[in-house]
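S.K.: One structure coming up, written as structure tokens, with questions to follow.
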Amino acid sequence: MSNVRTALHYHIFVWVFLVILFIVDRVTKFLALYVLSRDGVFVYDHALGFFLERNRGIAFSLPLPVYIVGIVVLGVVVYLVWLMKEAQSRGEYPVIWGAGLMVIGALANACDRIRFGYVIDFIRLTRWPTFNLADVFIIIGVSILIGFYLFKSNPYARSTAHSNDRRN
């Protein structure tokens, strides 16, 4: 019973933390839309700045019809929630975090797209497209999943490697 309660508390913590990140994204986009000056502002020697951009495309501002973006986002979110559920049953906590960050990032940008018809981007680094916190959450989530699956031990690979040593 104690392990079940601990797992439940852990998952509640994860979701509360993800909801807080979602809210932080929404607040920063509100500030970018209604408070940020039209000319933007550089914070550090023209390397980091805040400028409002209305992104009507998807990643790197690639143009796609809204209905296609909606279908893709919905499919990805459904898959990621399923992946989180599967990871929970296997105790793969990095997968829960990675997929969770991707879900809240996708939903935060989807909220913009539904409400405004575009995504609010406002963070600019030199030589990079303008982005927002939801994009950061997605990139961190993808990185966690890649790292987890890349470095996850594979029992099949291990047993195959040992079986090759027994040829003599």
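S.K.: So, TYR34, is that one out of contact with any strand residue (DSSP E or B) (no Cβ under 6 Å at 6 or more places or on another chain), of a type in the set (Ser, Thr, Tyr) and touching a residue at least 60 places away in the same chain (Cβ under 8 Å) or not? Show your work before the answer.
M.R.: On the way: out of contact with any strand residue (DSSP E or B) (no Cβ under 6 Å at 6 or more places or on another chain): yes; of a type in the set (Ser, Thr, Tyr): yes; touching a residue at least 60 places away in the same chain (Cβ under 8 Å): no.
Criteria not met by TYR34.
S.K.: Might you check whether a residue that is closer than 14 Å to ILE123 by Cα, surrounded by 11 or more Cβ atoms within 10 Å (Cβ to Cβ) and at pLDDT below 90 occurs anywhere in the stretch 16-33?
M.R.: No; the residues of the stretch 16-33 include none that is closer than 14 Å to ILE123 by Cα, surrounded by 11 or more Cβ atoms within 10 Å (Cβ to Cβ) and at pLDDT below 90.
S.K.: Does the stretch 41-48 include one or more residues that are of a type in the set (Phe, Trp, Tyr) and under 23 Å from THR130 (Cα atoms)?
M.R.: Filtering the stretch 41-48 for residues of a type in the set (Phe, Trp, Tyr) gives 42, 44.
Then keep just the ones that are under 23 Å from THR130 (Cα atoms); that gives 42, 44.
Checked the stretch 41-48: at least one residue is of a type in the set (Phe, Trp, Tyr) and under 23 Å from THR130 (Cα atoms).
S.K.: Let me ask something else. Can you tell me how many residues in the stretch 34-71 are among the aliphatic types (A, V, I, L, M) and at pLDDT 85 or above? Reasoning before the result, please.
M.R.: So in the stretch 34-71, the residues among the aliphatic types (A, V, I, L, M) come out as 35-36, 41, 43, 47-48, 52, 58-59, 62, 64, 66, 68-69, 71.
Now drop any that are not at pLDDT 85 or above, which leaves 35-36, 48, 52, 71.
Within the stretch 34-71, residues that are among the aliphatic types (A, V, I, L, M) and at pLDDT 85 or above number 5.
S.K.: Within the stretch 40-63, is there a residue that is under 18 Å from the mean Cα position of the chain (by Cα), assigned to a helix (DSSP H, G or I), of a type outside the set (S, T, N, Q) and over 18 Å from ILE120 (Cα atoms)?
M.R.: no
S.K.: On to the next question. What is the residue count in the stretch 43-58 for residues that are aromatic (Phe, Trp, Tyr) and surrounded by fewer than 11 Cβ atoms within 10 Å (Cβ to Cβ)? Step through it out loud before you land on a result.
M.R.: Step one: filter the stretch 43-58 for residues aromatic (Phe, Trp, Tyr), giving 44, 50-51.
From what is left, the residues that are surrounded by fewer than 11 Cβ atoms within 10 Å (Cβ to Cβ) are 44.
Final tally of qualifying residues: 1.
S.K.: Restricting to the stretch 107-132, name every residue that is in a helix (DSSP H, G or I) and either among the acidic types (Asp, Glu) or surrounded by 21 or more Cβ atoms within 10 Å (Cβ to Cβ) (or both).
M.R.: Keep residues of the stretch 107-132 that are in a helix (DSSP H, G or I), which gives 107-116.
Result: ALA108, ASN109, ASP112.
The values are calculated or read from the model by the stated rules, or taken from the named source; none is laboratory data. Quick caveat, the model's predicted, so the values are computed rather than measured. In this analysis, Cβ positions are derived from the backbone assuming ideal geometry, glycine residues included, and neighbour counts consider all displayed protein chains.
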